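Peer 1: What follows is a single structure, and I will ask about it in a moment.
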Amino acid sequence: MFTRFMLMPGFAIMIVAVAILPVNAQYSFDEKPIQYNRTNATDRVARLAAKIDSGEVKLEADDQGDYLAAILKELDIPVSSQSLVFSKTSLQVHRISPETPRAIYFNDDVYVGWVQDGYMIEFAAMDDSLGGVFYSMRLDGRSPNLLRDRGGCLACHASQRTSRVPGFFIRSVFPRTDGRMRETGTVTDHRSPLEGRWGGWYVTGTHGELRHLGNEFADDPDDPDWIDRESGANVTSLSDRLELKPYLSPHSDVVALMVMEHQMQMQNYITLANYETRKALASDQDLSPDNQEATGVLSKASEDRIAIAGDKLVEYLLFCGEPKFPAPVKGTSPFAEEFSNRGPLDLKGRGLRQFDLQSRLFRYPCSYLIYSSGFDALPQPMAHYVRDRVLKILRGEDTSGRFSHLSAGDRSAILEILEATKPDWF
């Protein structure tokens, strides 16, 4: 059978001939209660697609006939989020190179991928019920329209890299000078060692003694896993590496990359928590429909299933495992300021979007995606479990070693921020 699937870093749609393998063995996505392909998506890209189809929105091309700027405006995606990836991991592989990297733009729930002289624009969106949903817009001279992928992308995007739910991931690779990779690379998020991140990506920003794999190539035939981290460090301009005029921004901001890494895995854990709860409830209903419906009491197996997925979500939400920065980090674009200004803030002017960037990513280590519609849409048993666990941790009632990175001041500040900005929790 032939299908379309997506492969990242960042994200990239690839069309290939593959056999449908049981990669989704953990879930039957097309059966109840998920019904991935038979359920209408309600994410931001799906809503834009409906507006385009109805004529409510008409995208205007720029002087070069490109729709990228119009798309970002309609999806409320900041240009400052631009990250550039030059590894050859897309369907449009022959158009991607260190001289012509792919650009990724994102907000809290949508990712857009663009390639110079490409024949499609790529989209990935977080849907409250389905998790990751993938789209493409062909650039063939006809009126632009968005097409949803119907599950082929899940060959990669519902794998071990995404906790086996439809989701997203960033990879760090060892790229050759033409952008090709030796191996598939490593998935990275906020828990990853800093020195192993961003291979195959351009990275602009200053970070002192911190070293990473970005901006350079694994071009030593005698040591193919070696990259000159010194030459790739503290790069503030890419003008000597590629022609930047085709891009909406000259930056590939290190802070934007860090936020995107955190966000993608956080969304995967939200989707896992959603799916696991729905599967647990469906299993209880199948085993004892009269008792479960009458009492609302979960079986012990379902309670355990919810707790396992819920604990993963809580630990990631509170930045367990984040390595300390060896030096302050500063981006080159307006991204950090624009992101921080989005709020919400408490009466003291504090918010979960505010950065630290001295020794860690955020000043208050609790994910801003706690405000997302996907988080709010968690089924009731999971929502209650996560809420109760988080509040016990922040109130000092749960002193588990996993949360020792949270000082008393951190816990108190996060609790006060949530009391002011997420009052439905209290």
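Peer 1: Specify which of the listed residues (73, 58) is without any contact (Cβ under 8 Å) to a residue 12 or more places away in the chain and part of a helix (DSSP H, G or I).
Peer 2: Just one listed residue meets the conditions, 73.
Peer 1: Which of the residues that make up the range 135-168 are modelled with pLDDT of 85 or more and of a type in the set (S, T, N, Q)?
Peer 2: Listed by number, the residues that qualify are 136, 145, 162, 163.
Peer 1: Within the range 231-248, work out how many residues are out of contact with any Leu (no Cβ under 9 Å at 6 or more places or on another chain), within 15 Å of residue 97 (Cα to Cα) and not charged (D, E, K, R).
Peer 2: Going through the range 231-248 one residue at a time, the tally reaches 1.
Peer 1: Which residue pairs have Cβ atoms closer than 6 Å, lie 6 or more positions apart in sequence or on different chains, and pair a first residue in the range 86-101 that is in contact (Cβ under 8 Å) with a residue 24 or more places away in the chain with a second residue that is in a loop (DSSP other than H, G, I, E, B) and polar (S, T, N, Q)?
Peer 2: 96/90; 100/116
Peer 1: Of the residues in the range 335-359, how many are within 21 Å of residue 202 (Cα to Cα) and in contact with an Asp or Glu (Cβ under 9 Å, 6 or more places away or on another chain)?
Peer 2: Total meeting the criteria: 2.
Peer 1: Name the single residue that is surrounded by the most Cβ atoms within 10 Å (Cβ to Cβ) among those in the range 117-129 being under 14 Å from residue 374 (Cβ atoms) and among the small types (Gly, Ala, Ser).
Peer 2: Checking each candidate, the answer is 124.
Peer 1: Check off (1) more than 30 Å from residue 36 (Cβ to Cβ); (2) surrounded by fewer than 21 Cβ atoms within 10 Å (Cβ to Cβ) for residue 253 and give me the number that stays unchecked.
Peer 2: (2)
Peer 1: Quick test of your reading of the structure: residue 52 fulfils all but one of (1) under 21 Å from the mean Cα position of the chain (by Cα); (2) over 22 Å from residue 242 (Cβ atoms). Name the failing condition by number.
Peer 2: Tallying (1) under 21 Å from the mean Cα position of the chain (by Cα); (2) over 22 Å from residue 242 (Cβ atoms), residue 52 fails exactly one: (1).
Peer 1: Residue 230: over 24 Å from the mean Cα position of the chain (by Cα), at pLDDT 95 or above, within 24 Å of residue 326 (Cβ to Cβ) and not small (Gly, Ala, Ser), yes or no?
Peer 2: Yes.
Peer 1: Check whether at least one residue in the range 16-32 is at pLDDT 90 or above, part of a loop (DSSP other than H, G, I, E, B), β-branched (Val, Ile, Thr) and surrounded by 14 or more Cβ atoms within 10 Å (Cβ to Cβ), and report yes or no.
Peer 2: no
Peer 1: Could you list, ordered by first residue, the pairs with Cβ atoms under 6 Å in which the first is in the range 157-172 and at positive phi and the second is among the hydrophobic types (A, V, I, L, M, F, W, C) and at pLDDT 90 or above, at least 6 apart or interchain?
Peer 2: That search, which allows pairs on different chains as well, returns 163/272.
Peer 1: Considering 132, 113, which residue is small (Gly, Ala, Ser), surrounded by 23 or more Cβ atoms within 10 Å (Cβ to Cβ) and in contact with a Pro (Cβ under 7 Å, 6 or more places away or on another chain)?
Peer 2: Every option except 132 fails the conditions.
Peer 1: Something else about it: I'd like to check which helices (runs of 4 or more DSSP H) are fully inside the range 259-378 and have at least 3 residues that are closer than 22 Å to residue 106 by Cα.
Peer 2: Answer list for the range 259-378: 300-317, 335-340, 373-376.
Peer 1: Continuing with the same structure: Suppose we filter the range 139-166 for residues that are out of contact with any Lys or Arg (no Cβ under 8 Å at 6 or more places or on another chain), among the hydrophobic types (A, V, I, L, M, F, W, C) and closer than 30 Å to residue 59 by Cα; how many remain?
Peer 2: 3
The values are calculated or read from the model by the stated rules, or taken from the named source; none is laboratory data. The model shown is predicted, which means the values in this text are computed figures rather than measured ones. We place every Cβ from the backbone using ideal geometry, glycine too, and count neighbours over all the protein chains shown.
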